[in-house]
Structure formats: C-alpha cells, structure tokens
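Notes follow the structure.
The values are calculated or read from the model by the stated rules, or taken from the named source; none is laboratory data. Treat the numbers as computed from the prediction; the structure is a model and nothing was measured. Glycine gets a Cβ as well: all are built from the backbone with ideal geometry, and neighbour counts include every protein chain shown.
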Amino acid sequence: MSEIEVLHIVSHPTRLEILTELNKNPSYASALSRTLKIERKVVIFHLSILIQYKLIEGEFTLVSTRTKPTAVKTFHLTSKGMRMFGKVKHALEK
C-alpha cells in the first residue's frame, strides 16, 4: 500500500477524530464512543480499519469499574500511525 492510500485512510473525519484522541492518550472503544459522541459500533468499525493499516495497536488491560476490574482492549498509535497522523495534521493546519 502506498503512503497516499494510508493518508487517505487517516484523513477520514471519524478516523481522524479517533487518531486525535489516541494521540493524546491510549483509550478503548467505549471510552472513545463516549468522548466523540459516536456509536460504539461505528468506533469499532473505524478501529478495525486503523488496525488493518497498522496505524494503531490494541492490547488488553484492566480498567477499574465500580463493581470489579474489567479487561478491555486499549488502543494506541503505532509509530507509523504517529507519523501519518502528524502529516495529515500538519497539512490541515496550513
């Protein structure tokens, strides 16, 4: 896949919002859904695309809830994701 194809993937408005949040802090699908006010299934769809293009990775972590710790998949930017996000962000700031 070419860099142009990846930049096209990153520049989708919803994926760009997700990457912006993940650039601040790792997060999980439900938290991203609440923060961005987007349905969880839509967030999961876009997360899967970002994973497919190796822009993000996910790993299971424990999150404390009121009743008990819960395992959730927490996502973060890969080095490729940071680089591509930076390019799109820079282009949008011009």
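Among the residues of region 56-83, the ones that are among the β-branched types (V, I, T) and modelled with pLDDT of 95 or more come to 3 in all. Looking for something of a type in the set (V, I, T), touching a Ser or Thr at 6+ places or on another chain (Cβ under 6 Å) and modelled with pLDDT of 95 or more - is there at least one such residue anywhere in region 33-55? Checked against the condition, which is being of a type in the set (V, I, T), touching a Ser or Thr at 6+ places or on another chain (Cβ under 6 Å) and modelled with pLDDT of 95 or more, region 33-55 yields at least one hit.
As a summary of the residue check, M84 satisfies the conditions (1) over 11 Å from the mean Cα position of the chain (by Cα); (2) surrounded by fewer than 17 Cβ atoms within 10 Å (Cβ to Cβ) except for the one numbered (2). If the condition is being touching a residue at least 12 places away in the same chain (Cβ under 8 Å) and closer than 17 Å to L7 by Cβ, then region 52-73 contributes Y53, K54, L55, I56.
A single member of V88, V72, V43 is outside any helix (DSSP H, G or I) and of a type in the set (A, V, I, L, M, F, W, C), and it is V72.
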